[in-house]
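Here is the structure we will look at.
The values are calculated or read from the model by the stated rules, or taken from the named source; none is laboratory data. Please read these numbers as outputs of a predicted model, since none were measured by experiment. Counting neighbours? That spans all protein chains shown, and the Cβs are built from the backbone with ideal geometry, glycine included. For the accessible areas, the whole protein counts, side chains as well, though only heavy atoms, and no ligand, DNA or RNA atoms are used. Shrake-Rupley method; radii C 1.70, N 1.55, O 1.52, S 1.80 Å.
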Amino acid sequence: GEAPRWLRAVGRLAIPTSRVENGHRRHYDERCSGTLLAPPDGGDAQFVLSAWHCLEYYTDLSRTIRFELTGLAGEVLESRARAVASGGGMAADWALLQLDPPIPAGRGATAELDGRTVAAGTRLAMAGFSGDPGLGAGGERLTYDPACRVTGLSGPDRLTDCLAYKGASGGGAFHGGRLVGVLSRGDSQGRSIYVPAARFLPAVIRRLR
């Protein structure tokens, strides 16, 4: 109840994937996080920002990606999702998905993108459905690190001391309540890397308009 409103913009993605392991094809749901973006006109929200690697093994387009968000009244909101843009690899680990149906205006919280540079030492909050057995309940509960910091660079991305586990990938890095990046990878021990919004802002804005 004391969590900030912007936290509710982070939802959960279930992505049907498959890969060959030991000569056999295995089908499974990749569990990741995604952030519902604010529409520029204040209408229904139809785009979710996540990480490219969450979609790496999504090859059967006949199978449905699902997005789930807790609404402002506490209800569960669900939509189908399809990828419409991405960085195309781990070197640019972001992806944009479009919802069908959109989340109706006023039903779910949304996040404003902020493409400004975040300097080392800046405080952040990082949110996602971490798959840890503790607070994250194996990916069933949305959690966030409310007081971590940017610690440096990792190539074009930002290195932080935020704590996140598998399942939080695609979640949001927030500063001042605004979305400044997408969680890409980490070591589950207080070292997480996010892709700054400046790297994908033009591509996302083209879709939002």
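Given Cα pairs under 8 Å that are at least 6 residues apart, what percent is the relative contact order of segment 1-79? Please list the in-between numbers first.
Values: 122 pairs, mean separation 25.9, N = 79.
33 percent.
Would you work out the charge dipole size for segment 6-102 about its Cα centre, treating the Cβ of every Lys and Arg as +1 and the Cβ of every Asp and Glu as -1, and quote it to the nearest 20 debye?
260 debye
Which one, Thr59, Gln98, Ala111, is farthest towards the positive end of the dipole of segment 59-179 when Lys and Arg carry +1 and Asp and Glu -1 on their Cβ?
Value computed over the given set: Ala111.
Give a quick list of GluC sites (Glu not before Pro) in segment 57-120 that DSSP marks as loop, anything other than H, G, I, E or B, with at most 16 other Cβ atoms within 10 Å. Show your work: numbers first, answer last.
Values: sites: Glu68, Glu75, Glu78, Glu112; in loops: Glu75, Glu112.
Of the GluC sites (Glu not before Pro), the ones in loops of segment 57-120 whose Cβ has at most 16 other Cβ atoms within 10 Å are Glu75, Glu112.
Which of Gly177, Leu77, Gly121 sits closest to the plus end of the dipole of segment 70-181, meaning its Cα is farthest towards the positive end, when Lys and Arg get +1 and Asp and Glu get -1 on the C-beta?
Value computed over the given set: Gly121.
Measure out, as a whole number of angstrom, how far apart the alpha-carbon centroids of segment 1-41 and segment 72-150 sit.
Spelled out, the Cα-based centre of one part sits 8 Å from the other.
Once you list every other residue whose beta carbon is under 12 Å from the beta carbon of Ala85, what net charge do they have if Lys and Arg are +1 and Asp and Glu are -1?
Here the charged neighbours net out to +3.
Express the relative contact order of segment 85-209 as a whole percentage, based on alpha carbon pairs under 8 Å and six or more residues apart in sequence. Intermediate values should be presented prior to the final figure.
Working: 266 pairs, mean separation 31.3, N = 125.
Normalised by residue count, the contact order of segment 85-209 is 25 percent.
Testing the spin-label approximation: label points 7 Å from Cα along Cα→Cβ at Arg207 and Ala73. State their distance in nm.
2.9 nm
About the Cα centre of segment 32-83, what is the dipole size in debye to 20, counting +1 per Lys and Arg Cβ and -1 per Asp and Glu Cβ, all else neutral? Let's see the in-between values first.
Values: 4 positive and 7 negative charges, 32 e Å.
Here the size comes out at about 160 debye.
Using only helices, what value at 222 nm comes out for the chain when you add -39,500 (n - 2.57) per DSSP H run of length 4 or more and divide by the total residues, to the nearest 500 deg cm²/dmol?
Rounded to the nearest 500, the figure is -1000 deg cm²/dmol.
Roll a 1.4 Å probe over the protein chains and send me the accessible area per residue for the chain in Å².
48 Å²
In debye, nearest 20, what is the charge dipole magnitude of the chain about its Cα centre with +1 on Lys and Arg Cβ and -1 on Asp and Glu Cβ, if you could check?
320 debye
First compute the accessible area of segment 121-209 with a 1.4 Å probe, then give the percent of it belonging to carbon and sulfur atoms.
The C+S portion of the solvent-accessible surface of segment 121-209 is 51 percent.
Within segment 146-165, name every residue whose backbone N is under 17 Å away from a label modeled 7 Å from Cα of Ala120 along the Cβ vector.
What the label zone holds, given the 17 Å backbone N cut-off, is 149-162.
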